[in-house]
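Written below as structure tokens is the structure these notes are about.
The values are calculated or read from the model by the stated rules, or taken from the named source; none is laboratory data. Treat the numbers as computed from the prediction; the structure is a model and nothing was measured. Backbone-built Cβ (ideal geometry, glycine too); neighbour counts: all protein chains shown.
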There are 2 protein chains.
Amino acid sequence: MSQQPALELSQRSRWAKDQAISFLMQQAVENRGVISLAAGLVDEASLPVSECRTAMNDLFSDDARARHALQYGTTGGADVLREQLRHHLARLERCSVEQLNLDVKQLVLTTGSQQLLALVADALFDPGDICLVAAPTYFVFLGVLNGVGARAIPIETDARGLNPQALDAELTRLDAAGELPRVKLIYIVSEFENPSGVSIATERRREVVALAKKWSRDHRLFVLDDAAYRELRYDGEARPSLWSFDEARDTVILAQTFSKSFSPGVRVGMGVLPKSLVGPVCDLKGNDDFGSPNLNQHLLATVLASGRYESHVNEVCAAYRLKRDAMLAALDHEFAGVPGVTWLRPEGGLYVWLTLPEEIETGFSSRLFQLATKTHRVMYVPGELCYPAGTAAVRKNQMRLSYGVQDAAGITEGIRRLAAAIRELQT
Amino acid sequence: MSQQPALELSQRSRWAKDQAISFLMQQAVENRGVISLAAGLVDEASLPVSECRTAMNDLFSDDARARHALQYGTTGGADVLREQLRHHLARLERCSVEQLNLDVKQLVLTTGSQQLLALVADALFDPGDICLVAAPTYFVFLGVLNGVGARAIPIETDARGLNPQALDAELTRLDAAGELPRVKLIYIVSEFENPSGVSIATERRREVVALAKKWSRDHRLFVLDDAAYRELRYDGEARPSLWSFDEARDTVILAQTFSKSFSPGVRVGMGVLPKSLVGPVCDLKGNDDFGSPNLNQHLLATVLASGRYESHVNEVCAAYRLKRDAMLAALDHEFAGVPGVTWLRPEGGLYVWLTLPEEIETGFSSRLFQLATKTHRVMYVPGELCYPAGTAAVRKNQMRLSYGVQDAAGITEGIRRLAAAIRELQT
């Protein structure tokens, strides 16, 4: 029998291996029947079936528009949607389209905002370059940074989001260490952060943008404002984006998506880019796929033009508000007054961030994770995944709980099971 | 006035810059009104408007299926489509599904086959690694190779496609030079090659696969069988894929797409991967977008299940057959008997490869390109783009002519204008 030749993969491929998300998805497959408070999927009942059906009928009733949608588009995206998105963005920023000060070509349409994050990482990072991230942060983006060999350095956060003083101090330290030339990006999930649920305070947004400009001494230090959950607000007042504080429009990259507010199966994301990055990002995307599906862009443009999008978002928010409240009520019921157990009350998004007593670890190899998934049949995302591995910031006694997929009864039962697993551990 | 901080991009970003495709698209924008025989777009009239409308109605008439399609899918793709594609592939290979010997997980669904090409390049190539390519070859893939810093080495071809003896000789030379460890992939557009229109001869397919296995001495040398145009056959007998000769299913990656045979706006491509590459490719895709749009995959699955796909392909082929014949007739009319002007008669695909007398250069900066685009208002793809830059293989007196977009009258007029430009140059 002949020996198999070895598989020689690229360095990039080795860096992309063993992402936490793969392990989590594997766990989901192996533990069917568990109540998943881990998955970041969206609420099935709120998906826009009738909106899509109507829009498709509209689009396909016009032969010329239908043919346009079924043909190749451009790498940057369909102008009919980009023009709509300028108006959409103006509504979110509560300003006029003129005040946006934004060329339509600066809007690049992607396969979810995930692709935009990956393209920005590819455009900016050489191996060893540095990204400053809120701690905790979106663990899938930590995987993207790993995948390009970049170093993620955690910046302290609190209930008002990333702390600008800590950011300034870290940049001062990096400068003193001669590392400033390697710092390319500050990454912040600005609204109802995945995983913490925190939205960075308005004044801090202004400060972070100012700091990025201040430290753009030799080269441009960009800010990536990941506003994926922006439209899922259930209480309180909307805030202006970090991007809005970048008056010169040369520092902040704004990422948004219609996966959460509309449909992840349609999978249209967008980036609002400083002019200097439009060419580089489109060059990379040209090599990757020369354009996300045109049909989906025309479909979404049809939905936006119909005026049915906003009422759909209102319905989605109403549904998630109930589910968030169900999770908060269940947490209150199970954990109120329990020493060392705390959680944040998110004003939107899909996640509650739970902190347990120091001695209770939550990781994949912890007793709690085993007990929860195997005995009590409930799953969560271990909090330690949300910190850059091997840094002092890592905390092992936290978890991300999502109310995205389960209905209210499932959420209540899931939290009951989780509490039972924690109690079993403590006895 | 303050000085702008410098833009510090990644090495990858610098490699991805200045792709020929960007220049061509720019030319198309700047020269509206020219007859483009350059664009690789598909025939507008043949786009499947009614097929898509019917399939969408079908999909959205079933609430559960519609919700499934509008939710996230998996990184590898929707199983409902992958299962259909196994049957589709068996039909193309003229064997049973069992004979395919293919696990459904080895089918990875991508945003066009372009994304599959990019993922394979990312999985295999470190900077300086080597890809052996037919000369001429698909110039966008040369851009992908540039983008990852790989070296493309041209292998001699003739009217029967890539020459296995030349391939073996090049591998022998590379081995002697100590470069064999850097050789990762052999890339061939196997059916109606973009740009030459040639389909590699059946016996040569077998030989190329055998050579890849023979030279997989220390590590696996893969073959990428880019069969994007496979279903666009207008004459002659279908051939078995290179992939079919890889009985162990461990050497050949088969890339196909529904962009050409169905709709580029739907943009579903697929890769059939050796088991060893499924994990690496999905890990990379997980970071890039964690899955192409689920809706499009469910739409295509609905079309395939309805049986309307095959009749659509027959219509598409009938339309392109007429357009190919129009181009060949026009070439015959303008160039028959002109010394030094030759072209190949393709049995399918979208391209005719035209060779001019040695002294007539066709590149972007050539007099012919200027005359053609500015004076005679016709555009083509310069042939030199289809050879690895700076190699001895480059020929400057060729061009790729596409009959994809224009109707028969446009094709005839386009060739007339091209002939006029060439004649003007010769006088």
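Annotations
- Some residue of the range B:13-27 being surrounded by 18 or more Cβ atoms within 10 Å (Cβ to Cβ), touching a residue at least 40 places away in the same chain (Cβ under 8 Å) and outside any helix (DSSP H, G or I): yes
- Residue ID - surrounded by the fewest Cβ atoms within 10 Å (Cβ to Cβ), chosen from residues in the range B:286-313 that are at the interface with chain A (Cβ under 7 Å from one of its Cβ atoms) and not in a helix (DSSP H, G or I): B:PHE290
- Flag for B:THR111 being buried (at least 21 other Cβ atoms within 10 Å of the Cβ), hydroxyl-bearing (Ser, Thr, Tyr), in contact (Cβ under 8 Å) with a residue 24 or more places away in the chain and more than 15 Å from B:THR257 (Cα to Cα): no
- Counting only residues that are without any contact (Cβ under 8 Å) to a residue 40 or more places away in the chain and buried (at least 18 other Cβ atoms within 10 Å of the Cβ), the range A:344-381 holds 3 of them.
- Criterion applied to A:ARG206, A:ARG173, A:ARG217 was being within 14 Å of another protein chain (Cβ to nearest Cβ) and either of a type in the set (D, E, K, R) or touching a helix residue (DSSP H, G or I) at 6+ places or on another chain (Cβ under 7 Å) (or both), and the one residue passing it is A:ARG217.
- Residue within the range A:277-285 that is buried (at least 23 other Cβ atoms within 10 Å of the Cβ), facing chain B (nearest Cβ under 9 Å), within 30 Å of B:ALA255 (Cβ to Cβ) and without any contact (Cβ under 8 Å) to a residue 60 or more places away in the chain present: yes
- Meets criteria (more than 30 Å from A:GLY128 (Cβ to Cβ) and assigned to a helix (DSSP H, G or I)) for A:ARG206: yes
- Here B:LEU24, B:LEU89, B:LEU59 are screened, and the one residue that is out of contact with any helix residue (DSSP H, G or I) (no Cβ under 7 Å at 6 or more places or on another chain), more than 8 Å from chain A (Cβ to nearest Cβ) and over 30 Å from A:ARG14 (Cβ atoms) is B:LEU24.
- For B:ASP288, the requirement of being charged (D, E, K, R) and in contact (Cβ under 8 Å) with a residue 24 or more places away in the chain is met.
- Test: residue in the range B:247-268 that is closer than 30 Å to B:THR302 by Cα, assigned by TED's automatic domain parsing to the domain that holds B:GLY76, of a type in the set (Phe, Trp, Tyr) and in contact with an Asp or Glu (Cβ under 7 Å, 6 or more places away or on another chain): no
- Which numbered condition A:VAL133 fails, given (1) more than 10 Å from chain B (Cβ to nearest Cβ); (2) within 25 Å of A:ASN287 (Cα to Cα): (2)
- Some residue of the range A:184-194 being of a type in the set (D, E, K, R), in contact (Cβ under 8 Å) with a residue 12 or more places away in the chain and surrounded by fewer than 23 Cβ atoms within 10 Å (Cβ to Cβ): no
- Remark: B:LYS214 falls outside the filter, which requires a residue to be surrounded by 21 or more Cβ atoms within 10 Å (Cβ to Cβ), more than 24 Å from B:VAL42 (Cα to Cα) and of a type in the set (Lys, Arg).
- Selection within the range B:220-251 - part of a strand (DSSP E or B), under 21 Å from B:ASP122 (Cα atoms) and more than 14 Å from every other protein chain (Cβ to nearest Cβ): B:LEU224, B:ASP225, B:ASP226
- Tabulated pairs, the range A:33-46, first within 13 Å of A:PRO264 (Cα to Cα), second part of a strand (DSSP E or B), C-beta under 6 angstrom, 6+ apart or interchain: A:GLY40/A:SER402
- Of all residues in the range B:253-268 being part of a strand (DSSP E or B) and more than 9 Å from chain A (Cβ to nearest Cβ), the one that is farthest from A:LEU295 (Cα to Cα): B:ILE253
- Extreme residue, nearest to A:VAL313 (Cα to Cα), among residues of the range A:255-276 that are under 15 Å from the mean Cα position of the chain (by Cα) and free of Cβ contacts under 8 Å to residues at least 60 places away in the same chain: A:SER261
- Flag for B:ALA66 being within 7 Å of another protein chain (Cβ to nearest Cβ) and buried (at least 21 other Cβ atoms within 10 Å of the Cβ): yes
- Some residue of the range A:146-162 being among the hydrophobic types (A, V, I, L, M, F, W, C) and part of a helix (DSSP H, G or I): no
- When residues of the range B:92-102 are limited to those that are touching a residue at least 40 places away in the same chain (Cβ under 8 Å) and in contact with a helix residue (DSSP H, G or I) (Cβ under 7 Å, 6 or more places away or on another chain), the one nearest to B:VAL281 (Cα to Cα): B:LEU102
- Scanning the range A:113-127 finds no residues that are within 14 Å of chain B (Cβ to nearest Cβ), over 28 Å from A:GLY291 (Cβ atoms) and either among the hydrophobic types (A, V, I, L, M, F, W, C) or touching a strand residue (DSSP E or B) at 6+ places or on another chain (Cβ under 6 Å) (or both).
- Selection within the range B:134-147: residues that are under 17 Å from B:THR391 (Cα atoms) and more than 13 Å from the chain's Cα centre (by Cα). The member of this set that is surrounded by the fewest Cβ atoms within 10 Å (Cβ to Cβ) is B:ASN146.
- Filter result for the condition that a residue is assigned by TED's automatic domain parsing to the domain that holds B:GLU193 and buried (at least 18 other Cβ atoms within 10 Å of the Cβ), over B:ALA123, B:ALA176: B:ALA123
- The set of residues in the range A:28-47 being exposed (fewer than 12 other Cβ atoms within 10 Å of the Cβ) and more than 9 Å from every other protein chain (Cβ to nearest Cβ) consists of A:VAL29, A:GLU30, A:ARG32, A:GLY33.
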